[in-house]
Structure formats: C-alpha cells, structure tokens
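Report on one structure; see the data block that follows.
The values are calculated or read from the model by the stated rules, or taken from the named source; none is laboratory data. Keep in mind that this is a model prediction, so the values were computed, not measured. With ideal geometry, Cβ positions are generated from the backbone for all residues, glycine too; neighbour counts draw on all protein chains shown.
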Amino acid sequence: MALFESYERRIDQINAVLSSYGISSLEEAEKITKDAGLDVYDQVKKIQPICFENACWAYTVGAAIAIKKGCRKAADAAAAIGEGLQAFCIPGSVADHRKVGLGHGNLGKMLLEEETECFCFLAGHESFAAAEGAIGIAEKANKVRKQPLRVILNGLGKDAAQIISRINGFTFVETQYDYKEAKLNVVYEKAYSEGLRASVKCYGADDVQEGVAIMHHSCIFLSCIFSFIFFFTFFYLLLFLSFILYIL
C-alpha cells in the first residue's frame, strides 16, 4: 500500500532530494527525526487531523533535511522544511512550476527573521480562516523572535473589518483617505480584547488606493494574499515545526 497520495508521481523526485542529503529513503528520514526526539507525523496529525498523508511525510522529509543541515535557528529550519515541501510537489504541476514548497519555506523564514517587522494578510474580511491565520502567525512567530512581529489584516470594507475585530478580539482601526492630499488619517481605534489578539490590527479600505495607503502607513515588510484555508494550515505547521527544531 502506498504511503501517501499520488505516490508513484512523487517518489522519484522525493528520493532525488533525499539522496542529495545522504538520506536513502523516507523510512531513514523518519528515523532521523525520531532519533532527534521528533514525531513529525504525529505532530502534523494533531494540528490538522484531516490533512493528507503526503503532508505528514513532506514535513517529515523537511525536518530530516533541517537536521541534516544542522539548522539551529528557526528561520533556517523553516527554509529547510520548505525543501521537503517542494519535493512533494508533483513534477509538472502548478505547485512545482511556481516553487510553492520553497516559497512557503522562505516565507516562514522571513517571518521568523528580525528584519521583518510587520506582516499583512490581504484578505476579504469574510475569510475567518485569515483571521485565525493572523492569530496563529502572531503566536508562533513571536516564540522565536526577540521583537514581536506586528500582524495586520487589510481588506475592503470598514464595517466588515469592525465585525471581524469584535468577533476575534482584534484591534479595529478606522481610517479615512484624503484623495486630494494622498494622505491616510486614522480617525478611530478600538481594541476588542487584551493581550495577543488585541495586537492584531484590522483595517478596512474603501478602495485600492486606501488599501495601499494602509500598507504604507503600517510599514509593511511582507504581505500575503490569502485565498485558501489550506494555505494557513500548511503555514501554521511550518512555523510550528520550525519552533520545535529551534528548541532541540
């Protein structure tokens, strides 16, 4: 029985990546992680019980690569884990062509580096997954950073932004854009909780111009257009495992 979905289409590429690090098989990759005190497969299943089997093995491969490379910093481990994710992208697929696995790893790396001060989810405020994503990113990234990462949500609709803020305990920031002067003014700000959730600021823009002004106002270093809940699932796992590797 195949270990994971589309096994035949993935395994040659996976083995090639493993071989480049002196790892002979998926079973050896799993042993490397377990010898280091990590049960990656179990951790992935605990975080997202409905995930595909290939996700569990992709993170196992990524973690083994990070250990082989001697990664001791979370940011470096994130990039290494991205190599494992990339190995599982089916050759010829959109994910393969766009280097989605490497992209996730490098995005995680940037979020864990001190040079990145603020991260923005560009999302429709109807996306509750994006809201949960913002909380997860703030919580996990800050465990391995010296300076807390600022996280904001930015999308169309001020009413929607306020509703999302109230539901999730974020800080709602109402802005007014002066089109003549090309200047953004903050007219109202209210935190709907205390602590971590309140540190996430939620903005609503009337149009693209105001949205871009919000980005400039917040000094955004990194942003992501949020489309699918599964992106957050994988990204949350990435940060989680990076943190585990960091504390080894």
TODO: Go over the candidates Gly103, Gly133 one by one and state the one that is within 24 Å of Val212 (Cβ to Cβ) and at pLDDT 85 or above.
DONE: Gly103
Task: Scan of segment 24-39 for residues that are within 25 Å of the chain's Cα centre (by Cα), over 15 Å from Gly62 (Cβ atoms) and of a type in the set (Asp, Glu), ordered by number - done: none
- [ ] Quick one: Phe121 ticks every box in (1) closer than 19 Å to Tyr21 by Cβ; (2) at pLDDT below 90 except a single one, so which number is it?
- [x] (1)
Task: Counted residues, segment 65-82 - those being crowded, with 21+ Cβ neighbours inside 10 Å and either closer than 19 Å to Val100 by Cα or among the charged types (D, E, K, R) (or both) - done: 9
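I'm trying to understand the selection: among the residues of segment 1-21, which are closer than 14 Å to Ala63 by Cα and free of Cβ contacts under 8 Å to residues at least 60 places away in the same chain? So that I can check it myself, show each step before the final result.
Kept after step one, since they are closer than 14 Å to Ala63 by Cα, are these residues of segment 1-21: 14, 17-18, 21.
Within segment 1-21, just Tyr21 meets the criteria.
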Open item on the list: Being assigned to a loop (DSSP other than H, G, I, E, B), at pLDDT below 95 and in contact with a Leu (Cβ under 9 Å, 6 or more places away or on another chain) is the requirement here; does Gly37 meet it?
Closed with: yes
- [ ] Determine, yes or no, whether Gly92 is of a type outside the set (Lys, Arg) and surrounded by fewer than 16 Cβ atoms within 10 Å (Cβ to Cβ).
- [x] yes
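Would you pick out the residues in segment 159-192 that are at negative phi and part of a loop (DSSP other than H, G, I, E, B)?
Quick first cut of segment 159-192, residues at negative phi only: 159-168, 170-181, 183-192.
Answer for segment 159-192, where residues must be at negative phi and part of a loop (DSSP other than H, G, I, E, B): Phe170, Tyr179, Lys180, Glu181, Tyr192.
Filter segment 174-205 for residues that are among the charged types (D, E, K, R) and over 21 Å from Phe119 (Cα atoms); which is nearest to the chain's Cα centre (by Cα)?
If we take residues in segment 174-205 being among the charged types (D, E, K, R) and over 21 Å from Phe119 (Cα atoms), then Lys183 is nearest to the chain's Cα centre (by Cα).
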- [ ] Among the candidates Val173, Val200, single out the residue that is more than 25 Å from Lys46 (Cα to Cα), crowded, with 19+ Cβ neighbours inside 10 Å and modelled with pLDDT of 95 or more.
- [x] Val173
Open item on the list: I'd like to verify a number: residues in segment 40-64 that are assigned to a loop (DSSP other than H, G, I, E, B) and crowded, with 24+ Cβ neighbours inside 10 Å, how many?
Closed with: 0
